[in-house]
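The values are calculated or read from the model by the stated rules, or taken from the named source; none is laboratory data. What you see is a predicted model, and the numbers here were worked out from it, not measured in a lab. Virtual Cβ from ideal backbone geometry, glycine too; neighbours counted across all protein chains shown. Surface accessibility is based on the protein's heavy atoms, side chains included, excluding ligands, DNA and RNA. Shrake-Rupley method; radii C 1.70, N 1.55, O 1.52, S 1.80 Å.
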Amino acid sequence: PMKHVSLDLGDDMELYLGGKQTTMGYIKASQFQKEAFFEHHKVWFYKSGDLGLREGKEYYCLGRKDEQVKIQGYRVELAEIEFAAGKVFPINKHKCLAIQATAGWELHLVTEGVKTDTKVTEINSHLPWYMHIKQAHSLTEFPLNANGKVDKKQIIQQLGL
């Protein structure tokens, strides 16, 4: 951590940031936002949403706890894009993938069981410009991992992204 920043690790492996720079919360915060801030030993902490681990005095960030990515300085929750796709394809399953490309992150939508290539403009009309998907793909069926969850790594491999 930087000087004057406290770092802690929760039981769920979430990284907590604290110190003088941390606020007690947001004005007119939702219950979810209120739960992101807490006081511990007279220091205010913020639940970062990042997963981490600690080895000795060193902390390591392992990635996001949720499916949030940062694109062009904006925080993007991939589920919001999947929700917008549901407005266009209400009965299908959708997965949004953030793919690292040469020019930065690209958002790709994958829909199970229906051709989506002609609907990119329509889906994007439900989203702010920084959340626009670059391309839509379809698979007959989503691959599942051993836990029965959609396997995004396998989707990326199948689509050659």
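So, in the range 90-103, of the ones that are more than 19 Å from ASP151 (Cβ to Cβ) and either hydroxyl-bearing (Ser, Thr, Tyr) or modelled with pLDDT of 80 or more (or both), which residue ends up surrounded by the fewest Cβ atoms within 10 Å (Cβ to Cβ)? First the steps, then the outcome.
Keep residues of the range 90-103 that are more than 19 Å from ASP151 (Cβ to Cβ), which gives 90-91, 101-103.
Cutting the leftovers down to either hydroxyl-bearing (Ser, Thr, Tyr) or modelled with pLDDT of 80 or more (or both) gives us 90, 101-102.
Details: PRO90: 7, ALA101: 11, THR102: 5.
That would be THR102.
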Of residues in the range 105-125 being open to solvent by 20 Å² or more (accessible area, probe 1.4 Å) and at pLDDT below 85, the one nearest to GLN68 (Cα to Cα): TRP105
Top-ranked residue in the range 53-76 [being among the charged types (D, E, K, R) and either at pLDDT 85 or above or assigned to a loop (DSSP other than H, G, I, E, B) (or both); ranked as most open to solvent (accessible area, probe 1.4 Å)]: LYS57
Residue list for the range 21-39, restricted to those being open to solvent by 80 Å² or more (accessible area, probe 1.4 Å) and either touching a His at 6+ places or on another chain (Cβ under 6 Å) or at pLDDT 85 or above (or both): GLU39
GLU106 assigned to a helix (DSSP H, G or I), touching a strand residue (DSSP E or B) at 6+ places or on another chain (Cβ under 6 Å) and closer than 26 Å to LEU51 by Cα: no
Among (1) within 12 Å of the chain's Cα centre (by Cα); (2) in a strand (DSSP E or B) - the single one ILE81 does not satisfy: (2)
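Please specify each residue of the range 61-77 satisfying the condition of being among the polar types (S, T, N, Q) and either farther than 12 Å from SER48 by Cβ or in contact (Cβ under 8 Å) with a residue 60 or more places away in the chain (or both). So that I can check it myself, show each step before the final result.
The initial filter retains those residues of the range 61-77 that are among the polar types (S, T, N, Q), namely 68, 72.
Within the range 61-77, just GLN72 meets the criteria.
Quick check: is even one residue across the range 149-161 touching a His at 6+ places or on another chain (Cβ under 8 Å), at pLDDT below 90 and either closer than 27 Å to SER48 by Cβ or not in a strand (DSSP E or B) (or both)? Please lay out each step first, then the result.
Of the residues in the range 149-161, the ones touching a His at 6+ places or on another chain (Cβ under 8 Å) are 159, 161.
Retained after the next criterion (residues that are at pLDDT below 90): 161.
From the residues that got through so far, the ones that are either closer than 27 Å to SER48 by Cβ or not in a strand (DSSP E or B) (or both) too are 161.
Yes: one or more hits.
Restricting to the range 40-52, what's the tally of residues that are in contact (Cβ under 8 Å) with a residue 12 or more places away in the chain and either within 23 Å of LYS70 (Cα to Cα) or loosely packed, with under 11 Cβ neighbours inside 10 Å (or both)?
Our first condition is that a residue be in contact (Cβ under 8 Å) with a residue 12 or more places away in the chain; within the range 40-52, this holds for 40, 43-52.
After this cut, where a residue has to be either within 23 Å of LYS70 (Cα to Cα) or loosely packed, with under 11 Cβ neighbours inside 10 Å (or both) as well, the list is 45-52.
The number of residues fulfilling the criteria is 8.
Quick one: would you say LEU127 is assigned to a loop (DSSP other than H, G, I, E, B) and within 20 Å of GLN72 (Cα to Cα)? Give the derivation first.
On the way: assigned to a loop (DSSP other than H, G, I, E, B): yes; within 20 Å of GLN72 (Cα to Cα): yes.
Criteria met by LEU127.
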